[in-house]
Amino acid sequence: MGNIVSYIQENQRTFAESPFNPVDSLVFSTLCYFNYEASGLVDPSSPERVLLHDVVALADWRALTCASWLEDAKDTRAFLHAVMASRRLRDVTLAFYANERSSAVEKQFSATTFLVPGAAGADGTLACLAFRGTDGSFAGWKEDFNLCFKDVIPSQRAAAAYLSGVASAVEGPLATTGHSKGGNLAEFAALAADDSAFARLVGVYNHDGPSFLDDPSPRMRDARFAALLNKTVPESSAFGMILERRADYRVVRS
């Protein structure tokens, strides 16, 4: 069975040659688990763009994946090699890296914006905002439990503010994506966006992330949001089905 490693290895077409798709969003949802501050090339929250290829090629891979599920995953080295060798990803840059954690307010939030040339037409660049899921911290796990009984958690507020800030700093189309809790944040940020930022969204990708205790916005029932949303869950999903009341998700073999 194929996975994102085989997808990256086999799909060498540029984004101008082959459109951005949900599997690409899953790749970026995985890339946002990297500790970019450990690379020495990325200035947190800076608008300065850094080539993803350079980060992967020059960083210490152990430091880059430390304290995330990638640290022990059997395909991590193959994933890193595939990213570094990918023609499709070679011109992707990243900026606006954020990584915040607070035990006091039970918050664990991280996001990275990937600038994807050609993904918005021949000369257009898509800003794909990827939100990290839970890391190994106590604050991160506590925040997961808080999702089940709090209307809004700190990371959701941070995700909405992050989208607003990136939208004001870059031009062109936007997409949000995330895995696990990051998928929930990708949805929340889109739902809470102001009208101008929401109009620029071309995709909202939730990969096995939970839904919401209460609808955070009337947009939950809006036809445009329904058209933007792409939610996938694996056959054995548990976390991604928490609080889910909708039927518009896809089950994937995993």
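The values are calculated or read from the model by the stated rules, or taken from the named source; none is laboratory data. Fair warning: this is a prediction, and the values are worked out from it, not measured in the lab. Note that each Cβ is placed from the backbone with ideal geometry, even for glycine, and that neighbours are counted across all protein chains shown. Accessible surface is based on the protein model in full, side chains and every heavy atom, while ligands, DNA and RNA are left aside. Shrake-Rupley method; radii C 1.70, N 1.55, O 1.52, S 1.80 Å.
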Take region 4-20 and flag every residue that is part of a loop (DSSP other than H, G, I, E, B) and open to solvent by 40 Å² or more (accessible area, probe 1.4 Å). Gln12, Arg13, Ala16, Glu17, Pro19
Let me confirm something: among Ala120, Ala95, Ala161, Ala104, which residue is touching a Leu at 6+ places or on another chain (Cβ under 6 Å) and either surrounded by fewer than 24 Cβ atoms within 10 Å (Cβ to Cβ) or at pLDDT 95 or above (or both)? Ala120
Index of the failed condition, Ala38 passing every other in (1) modelled with pLDDT of 95 or more; (2) more than 18 Å from the chain's Cα centre (by Cα); (3) assigned to a helix (DSSP H, G or I): (1)
Leading residue by the ranking (surrounded by the most Cβ atoms within 10 Å (Cβ to Cβ)) among those in region 172-192 that are touching a Ser or Thr at 6+ places or on another chain (Cβ under 7 Å) and over 15 Å from Cys32 (Cα atoms): Ala189
Do we find that Leu26 is open to solvent by 70 Å² or more (accessible area, probe 1.4 Å), of a type in the set (A, V, I, L, M, F, W, C) and either touching a residue at least 60 places away in the same chain (Cβ under 8 Å) or out of contact with any Cys (no Cβ under 6 Å at 6 or more places or on another chain) (or both) in this structure? no
Could you please let me know if Ala82 is buried (at least 20 other Cβ atoms within 10 Å of the Cβ) and farther than 26 Å from Glu171 by Cβ? yes
Given the conditions (1) open to solvent by 10 Å² or more (accessible area, probe 1.4 Å); (2) in a helix (DSSP H, G or I), every one holds for Tyr205 apart from (2)
